[in-house]
Amino acid sequence: MIVMLKRFKLIKSGLQNMVISEKWNIYRDDNLGRARHVKEKLLDDCFWDSIDYIFSFTAPIYDMIRACDTDRACLHLIYDMWDAMIVKVKKAIYHKEGKRMEESSSFYDVVHRILVDHSSRVPPHMDLELTQERQKCLRRFFPSMEDRSRISLEYADFISNSGTFGDFDAINTQYTMDPKSWWLLYGTFTPMLQKIALRLVQQPSSSSCAECNWSTYSFVHSIKRNKITPKRAEDLVYVHSNLRLLSRKTPSYAQGANQMWDIAGDTFDSLDDIGDLQFASLSLDEPKIEAMIIQDGDENN
């Protein structure tokens, strides 16, 4: 809905020219009430102001979702991004209502309640469920009781900023340095915890990578090519995915035949990029692309 409203805003002048055109009367004969309602809305400044207001307090939420929906490591930034998002949403709503930040807003209370319902957050070492899952993980990684005792002490140093984690530089660079580099620098004195942390911080916070892989697999193993073995399909997906990664390093990636092959890549877009909707539905299993491949295959045969 946000993307569609952004598109409305982008083509606002075109929509308004449409309803004031003489040809609009042709559509009015079909449904006078609906046509009148559409015209009134598109020519109403309050309607467009409402759309701007929706953008103002949903943009921080939208941007955070897009920032997390990438294949780069950003788990360490979630808490900080969440707090910043709440502040931006509140400022947008209070600015519209002309209220001071310490005043009460019924609308903001509703929005805040919806956001908080999805994030009942407490510090990790005080979260019961997270503590239980962490203990399960440690038992799986370290069957020995002696090893679990050592890593428990290392974790205690980490959450209490003791030992090397209490160093001024270690604390000061927690939010500015890449998490992998940070653990390589300051996790040396806790080697067991460092090993697990390096595995964790390199994981993406969404399933985008897996979904891209599923899309590639559905393209390789389609209805017309359903007799290949699972091993052959896996090999083709592996080759295709790596060719796509390698294409980023070639000049043709920006302007050649494979332009926009790897849409979005490692970055995320903002609400300012809704104009290019013609690329939004492009996927690896496009009927036109598949038809071309099949046609080429028939010609070669």
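The values are calculated or read from the model by the stated rules, or taken from the named source; none is laboratory data. Computed from a prediction, not measured in an experiment: that's the story for all the values here. No Cβ is skipped: glycine too gets one built from the backbone with ideal geometry, and neighbour counts run over all protein chains shown. When the accessible area is computed, the model is the full protein with side chains, heavy atoms only, and any ligands, DNA or RNA have been set aside. Shrake-Rupley method; radii C 1.70, N 1.55, O 1.52, S 1.80 Å.
The figures follow:
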{"read-out": "1.4 Å probe accessible area per residue over region 85-219, in Å²", "value": "68 Å²"}
{"read-out": "Peptides 186-199, 103-116, 146-159 ordered by average Cβ neighbours within 10 Å, highest first", "value": "186-199, 146-159, 103-116"}
{"read-out": "Listed residues 203, 130, 222: farthest to the positive end of the dipole of region 122-229 (Cβ charges)", "value": "222"}
{"read-out": "Residue 77 versus residue 15: modelled label distance in nm, points set 7 Å from Cα along the beta carbon direction", "value": "3.2 nm"}
{"read-out": "Semi-axis lengths, Å, region 1-149, gyration tensor of Cα atoms, sqrt of 5 times eigenvalues", "value": "49, 20, 13"}
{"read-out": "Protein accessible area in region 53-114, 1.4 Å probe - carbon and sulfur %", "value": "61 percent"}
{"read-out": "Euclidean distance of C-alpha centroids, region 167-202 and region 143-166, integer Å", "value": "14 Å"}
